[in-house]
Structure formats: structure tokens, C-alpha cells
Amino acid sequence: MILVLGGTSDSLDICDKINKYKNLSYILSVTTSYGENLATKHAKKVINGRLSETEMMDFINENNIKKIIDATHPYAIEVSKNAIKCAKQKNIDYLRYERKSLIEQITYKNKYIVSNIEEACKIARQKGKNIFIGTGSKNLPQIVECIPDRNLIARVLPTSEVILGCEKLGLNADNIIAMKGPFSQNINEEFYKHYNIDIVITKESGIAGGFLEKVDACESLDIPVIIISREKVSYPKVINDIDEIEKIL
């Protein structure tokens, strides 16, 4: 039995790859109702909920897991760290699939590369009045707390749970763009122009997350962009090409 740690479109592609092998069984783990709804179209067995290290270990034991394929979001590092620890303790295979970093491809000069939310908020507060938040909803509470006196425009998933969370933070219809990406460069440009954006905060999400299109739109309009880089994790084994999964399987 394989445990696939999901949360990205890549994890669904990996499930499709595994589905080709009738002799392989797997369980896909997700952390949101939205993710679960998408996952059921690809995987027969899906669990929904955040697993602590102890809960993950119990799950591995109860389901006789022999391999972990970690395809979580590049910024969901706690899950990855727990999975690495569990795999090591159980002496089972751990494989990390991660979207290739694109930061080195960014030639735009008007950028700030930071290592955490606090640094990003400090720069954004100094440089901008209308700030576009392209990091998703997970970090919004921290961002709202760090930048209470600026106009924040947050682009988030259009689910009732996420929008309610935004409203609880004090964001209203003028501050929320509820749409599912990824978005083209042109669409990003229209958003930036419509909301008179001074600076953009984003994460290094990779090609599938529309990262380059967000940065290219900033360059086109000469808007500074703050990029929150990924935390470095010592993965036992990493691949950046989904096609490699079939060779390993």
C-alpha cells in the first residue's frame, strides 16, 4: 500500500500514473474539502484531514503502508518533515515530488526575494499602499496582522469556507478576489490595474501555480514583486519530473 500525500494538482497526476498499475494500491491524503472533492475523481481511497507525526505513524501502521510519495505543496513543509521522520522510523521508502524552482529564471530586477512572511510584510508595508496578496488564504491571518494599515487585495479559492475566513479577518468584497487559478499574464495584469496595485506578494509556487505569469505581469506594469522562497528541507529522495514516477513504480 502506498500513501500519497496530496494537496496539489501534481498529486492528482501522480494518482493517474499509479492507476495504470492494477497491482498497486494507494491512499491519497488531502487536507481540505475542496481537495477531497477533486481527489475522488482520481483516487478510490481518499482521506481528508491534517495528520500530525503521531497520527501519520498510526495511519502507516494501521494501513500497512510500504511507500510514501510526498506531493504536498512546496510550502507545506511540516507535513513533509513528519513524513520523512515516519518513513525513517518505519524503514519504508520516501519519495518527494516537487515542482522545480523557477527563481533563477526570473530576470526582472524590481523584485525582493525573502525567506518568510514577516520579511515580505515589512517590505510591502514600506513600499505599497494597495498590496496584492497572491499567496493563497493560508497565510492571510499573519499578513493581516502584520499589515493592518494598508489596503490588501487577496486572491483566494472561491469556496464558502475560504471566503468566510477572509471575512472573519475583516476583509470584505472590495478586498477579495475569489477565483481559481492559475491565471495568464494578461489576467494578472488586468487585476493589478483594476485594483491600482503598488506591490505584489507571492510564493515560488512553480509552473503549475502560475508563478511566472504573476511575476511577468509585474514586470510588464513595472510593479515590484516580493517572492517568498521555499524553506530548504533535506529530502531523502527528490524528483522534479512526474514521468519519473513510472520508472520508480
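The values are calculated or read from the model by the stated rules, or taken from the named source; none is laboratory data. Just so it is clear, the structure is predicted and the values come from calculations on it, not from any experiment. Counting neighbours? That spans all protein chains shown, and the Cβs are built from the backbone with ideal geometry, glycine included. These accessible areas exclude ligands, DNA and RNA; they are computed on the full protein's heavy atoms, side chains included. Shrake-Rupley method; radii C 1.70, N 1.55, O 1.52, S 1.80 Å.
List of remarks:
- Enumeration of residues in the range 205-222 that are open to solvent by 30 Å² or more (accessible area, probe 1.4 Å) and part of a loop (DSSP other than H, G, I, E, B): Asp222
- Checked against the criterion of being open to solvent by less than 60 Å² (accessible area, probe 1.4 Å), aromatic (Phe, Trp, Tyr) and in contact with a Lys or Arg (Cβ under 9 Å, 6 or more places away or on another chain), the candidates Tyr235, Tyr192 yield just one match: Tyr235.
- Test: residue in the range 57-64 that is under 23 Å from the mean Cα position of the chain (by Cα), open to solvent by less than 80 Å² (accessible area, probe 1.4 Å) and not β-branched (Val, Ile, Thr): no
- For the range 75-127, the tally of residues that are open to solvent by less than 50 Å² (accessible area, probe 1.4 Å) and either over 21 Å from Ser205 (Cβ atoms) or without any contact (Cβ under 8 Å) to a residue 24 or more places away in the chain (or both) stands at 6.
- Scan of the range 12-33 for residues that are among the small types (Gly, Ala, Ser) and either farther than 19 Å from Phe59 by Cα or in a loop (DSSP other than H, G, I, E, B) (or both), ordered by number: Ser25, Ser33
- First in the range 17-29 and under 14 Å from Asp70 (Cα atoms), second anywhere and open to solvent by 30 Å² or more (accessible area, probe 1.4 Å) and part of a strand (DSSP E or B), Cβ under 9 Å, 6 or more apart: Tyr26/Lys67; Ile27/Val46; Ile27/Ile47; Leu28/Val46; Leu28/Ile47; Ser29/Val46; Ser29/Ile47; Ser29/Asn48
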